[in-house]
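Chemist: There's a structure below that I have some questions on.
Nothing in this text is a laboratory measurement; each read-out follows from the coordinates by a stated rule. The model shown is predicted, which means the values in this text are computed figures rather than measured ones. No Cβ is skipped: glycine too gets one built from the backbone with ideal geometry, and neighbour counts run over all protein chains shown.
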Amino acid sequence: MADIQIEIGHSHTRYEAKRRIKPYVQKAATSFGLRLRWNGDICKFQGPARGYIAIKNDSVEMAADLGFVAMIFRTTIEKRIRKRLYQALA
């Protein structure tokens with residue numbers, strides 16, 4: 001099971017949800033040194049954390065495995081991600 005697993009519902013088309021999420025994902029990648037690879041509506045990322053973001057018909061799912069040091073801040077990291085996803089999909 002992933003260290004962080006989040007699923008947030010949305011009322012957008014998949015295209016619109018992806019359009020709203022992509023800038024957030026890119027900013028996070030730059031800030032945290034993540035490498036991104038989009039394949040359709042799924043973005044896999046690697047670096048200090050590893051996981052994916054999947055844009056679904058009515059939700060966005062995110063799962064990540066954190067490095068040892070990041071695990072100390074797991075709760076804070078999860079809250080920030082959840083907040084940013086809600087903001088992006090509002």
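Chemist: Residues of the stretch 40-63 with amide nitrogen under 15 Å from the 7 Å Cα-to-Cβ point of Met1?
Modeler: Output list for this probe position: 63.
Chemist: Here is a follow-up. Report, in degrees rounded to the nearest 10, the 0 to 90 angle that the Cα long axis of helix 74-89 makes with the longest principal axis of the chain.
Modeler: 20 degrees
Chemist: Also, quick follow-up: Expressed as an acute angle from 0 to 90° and rounded to the nearest 10, what is the orientation of the C-alpha long axis of helix 14-32 relative to the principal long axis of the chain?
Modeler: The two axes meet at around 20 degrees.
Chemist: Between Gln46 and His12, what is the FRET efficiency for a Förster distance of 22 Å, r being their Cβ-Cβ separation, to the nearest 0.05?
Modeler: Working from the Cβ atoms, E equals 0.25.
Chemist: Shifting gears a bit: Among Ile6, Thr76, Leu36, which residue has its Cα positioned farthest towards the positive end of the charge dipole of the chain, with +1 placed on the Cβ of Lys and Arg, -1 on the Cβ of Asp and Glu, and the dipole taken about the Cα centre?
Modeler: Comparing the listed Cα positions along the dipole, Leu36 ranks first.
Chemist: So which lysines pass the test for Lys22, namely a Cα distance under 18 Å, with those fewer than 8 places away in the same chain ruled out?
Modeler: Straight-distance partners of Lys22: Lys44, Lys56, Lys83.
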